[in-house]
Every structure is written in structure tokens, then in C-alpha cells.
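Student: One structure follows; several queries about it will come next.
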Amino acid sequence: MASVTLSGVEKIYENTFKAVEDFNLTINDKEFLVLVGPSGCGKSTTLRMIAGLEEITSGTITIGDKVVNDVPPKDRDIAMVFQNYALYPHMSVFDNMAFGLKLRKRPKKEIQELVEEAAEILGITELLQRRPKQLSGGQRQRVALGRAIVRKPKVFLFDEPLSNLDAKMRVQMRVEINRLHSKLGATMIYVTHDQTEAMTMGDRIVVMCDGIIQQVDTPISLYDVPVNKFVASFIGTPPMNFFEGEIKKSQNELYFTSATETIRLPQEWEDELKDSEGRKVTFGIRPEDIGSNVAYEIVDAPELNADVDVVEPMGSETYVYLKSGDNIFISKVDAHNEFKPGQDVKLPIVVSKAHLFCDETKKLII
């Protein structure tokens, strides 16, 4: 296995569109790294540059201790799993998995052993003589994984491999890929637009937007301490709620005020906000910190006044969509709490878990 380092990597197309800008990152040996972001953010382009399927405009890509800028894909010692499986329909599962090894003229006995070993790891030994059309979507994806495993590459690359599967199968395959990473101890780079996949799979996550890295961190740190409003809005389901307003001071206490809300801010924030009176900010708070059991237990907790708009029971919890003036926000509460559309409510919030973002820069203040 090997580390992967991208230094100042950029991709600019002929029409001057900059798909990836000044990408600097080291993926550690045996790490599972996830690139996540909305469509068009540059994550797949970055993966394809690592694979050698896209030429880089500037910068350096190193795999292990070797600069691979001018190395063709077949010589980079990587294996890539695509979104559409890319299996040969006329070949058996065994032949699909063995195809790359045959091209490299590996001995037949070695090919047999490698394919059988990979099939056992993936639980598809009984499928080796079937054709792709006889397999389910999940089984085809396992075959695509097996074709990558038999290569025993330094780095595995995944380009949204689960997007064609149904919801239940996606959950199952997430677990299997995580298990595979533990078994192989491999360096894996995984691209997805699904932040749930990113949060559940990555050792670290790279959040991208408009070709630029927004934040690189562990899943829990991304969730707890997003560096800007984009990361805060992208990571988390349902997404973080935002209220626009400003900071005001009254009787030596700081408040966030908007057209509809006045929220007393924690005393421990005062040092960092001492010169911020009148500053335009965005107050962000996650749905689970509005109207939760924890919020109700806090003495003198600030409250949000709102009308219930839509109630979505989710089984173990309920999403409550609320309206307050022009603001629409979401509360995530225990499933046994009863809310009805049109109901007027006052919901306490865990303000100590809130975030403040600068309106001008969109960066996290506190």
C-alpha cells in the first residue's frame, strides 16, 4: 500500500473553466479518505487525475515515493471501481475478475488463487460461473470490487460506486466496503455526493465546493466544528438551520437578534464577541438541538416561537418543519412527541451547541 500526495494540483479546461484549484492534500497509507460535495464541485475530476484518466494542468501527484504526473494509468498501480460496474456481459464472473490479470500474463494458477481469494472475501464464490445479466445490482458491484481486489494495487479508487443501488443495498454495501478496508488494510479514496456515505465510511472527509477544498477533517469534527457556512449546511441530515441577524448587547449580556428571534448568547462566548455589537451574523443550530429532550431539561433555555408546518414521522424520531416569519427551520425530536400542522409552539434550544458565522466571509466565528 502507499500514501498519495497532491501538491498544488489544478485542472483548467480549454474554455478556461477551473474544475480544481490549488488542491493540496496527503492521503496517508491505509487511510480511507472520502471526497464529498455537490455535483460539479471537482471531486470526480480529482479522482480521475489521481488515476491518470485526466491530465493535470499544474501541480504534482505522488503515489508512494513516485511522482506519477507522466505515468500512464496502467502503470500507476491503482485499481478503480466505477459507478456503472463496467463488466463484460459476455464473460463469466470469474473471467471478468481475471481479465486484468490475464492481460498482464500472470500464471493461470496464480490467477485462479487470486480470484478465488477475492470471491471468498466478497462472498461471491458461488457466482463465479454466472454472467453479469444473471446478477443483482449488489452482486455486480461486488464483482467490480473483486476485479479491483485481485490486482492487489497500492491504492483503490471509488467513483460513486453505490449510486445505482437501492437504499437498502447501499447501506449493506457501505458496511461491506468498510469491512473490506479493514481486511485489506488498503489505501482507499472514495468519491460521493452523499454526505451520509461520507460520514459513515471515511477516516477523514474532504468537503469540496467549486473546485476548492473547504475543509478536511474527521466526520465528527466536520459535524461539530464546520469551518464555514457551506460545510455546516452540507454535512448533517436534516441540514443545519440558519437565521440571519446581528449581535446586540443589553445589560451586559449579548444577544442574537433577527426579525423574529431574540436569543441570549452563552456567557462563555463574551470574550470572543466583546467587540462584535452590531455585527451582521448568521446563527446556525442543528435540528436535534431544537425541542429535544436535552433542550427541555436546560433551565432558562432560549425558545423559538413558530408555527408547525409539516410533520414527518421517521420511526425512531420525527422531523418537524416550522415557520417563523420568513424563516423555515427543522426540529428533530423524539417520535413520541406529538405535533400537528398549524399548532403554535415554543421550542427550547441548546444554544451552547449553536454556531455563529460571519455574514460577509461565511466563515465560522464561534
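The values are calculated or read from the model by the stated rules, or taken from the named source; none is laboratory data. These numbers come from a predicted model, not from an experiment. Don't worry about glycine lacking a Cβ; one is built from the backbone with ideal geometry, like all the others, and counts go over all protein chains shown. Keep in mind that these areas ignore ligands, DNA and RNA; they rest on the heavy atoms of the full protein, side chains included. Shrake-Rupley method; radii C 1.70, N 1.55, O 1.52, S 1.80 Å.
Student: Quick one: how many residues across the range 3-44 are among the hydroxyl-bearing types (Ser, Thr, Tyr), in contact (Cβ under 8 Å) with a residue 60 or more places away in the chain and farther than 16 Å from residue 78 by Cβ?
Tutor: Total satisfying the criteria: 1.
Student: Of the residues that make up the range 180-188, is at least one more than 24 Å from residue 238 (Cβ to Cβ) and under 15 Å from the mean Cα position of the chain (by Cα)?
Tutor: Start the filter on the range 180-188 by keeping residues that are more than 24 Å from residue 238 (Cβ to Cβ), which leaves 180-188.
From the residues that got through so far, the ones that are under 15 Å from the mean Cα position of the chain (by Cα) too are 188.
Checked the range 180-188: at least one residue is more than 24 Å from residue 238 (Cβ to Cβ) and under 15 Å from the mean Cα position of the chain (by Cα).
Student: Give the residue, chosen from 16, 26, 5, 57, that is open to solvent by less than 40 Å² (accessible area, probe 1.4 Å) and either within 21 Å of the chain's Cα centre (by Cα) or of a type in the set (Ser, Thr, Tyr) (or both).
Tutor: Of the residues listed, the single one that is open to solvent by less than 40 Å² (accessible area, probe 1.4 Å) and either within 21 Å of the chain's Cα centre (by Cα) or of a type in the set (Ser, Thr, Tyr) (or both) is 5.
Student: Please state which of the following conditions residue 118 fails to meet, knowing it meets all the rest: (1) surrounded by fewer than 16 Cβ atoms within 10 Å (Cβ to Cβ); (2) closer than 22 Å to residue 32 by Cα; (3) among the small types (Gly, Ala, Ser).
Tutor: That leaves (1) as the condition not met.
Student: Does the range 299-314 contain at least one residue that is open to solvent by 90 Å² or more (accessible area, probe 1.4 Å) and on the phi > 0 side of the Ramachandran plot?
Tutor: Yes; the residues of the range 299-314 include at least one that is open to solvent by 90 Å² or more (accessible area, probe 1.4 Å) and on the phi > 0 side of the Ramachandran plot.
Student: Right, next: Having 2 or more residues that are small (Gly, Ala, Ser) and either modelled with pLDDT of 90 or more or open to solvent by 30 Å² or more (accessible area, probe 1.4 Å) (or both) is the bar; report the helices (runs of 4 or more DSSP H) wholly within the range 126-217 that clear it. Please lay out each step first, then the result.
Tutor: Details: elements: 137-149, 167-184, 195-201.
Counting at least 2 such residues, we get 137-149, 167-184.
Student: Quick one: which of 237, 257 is out of contact with any Gly (no Cβ under 9 Å at 6 or more places or on another chain) and hydroxyl-bearing (Ser, Thr, Tyr)?
Tutor: 237
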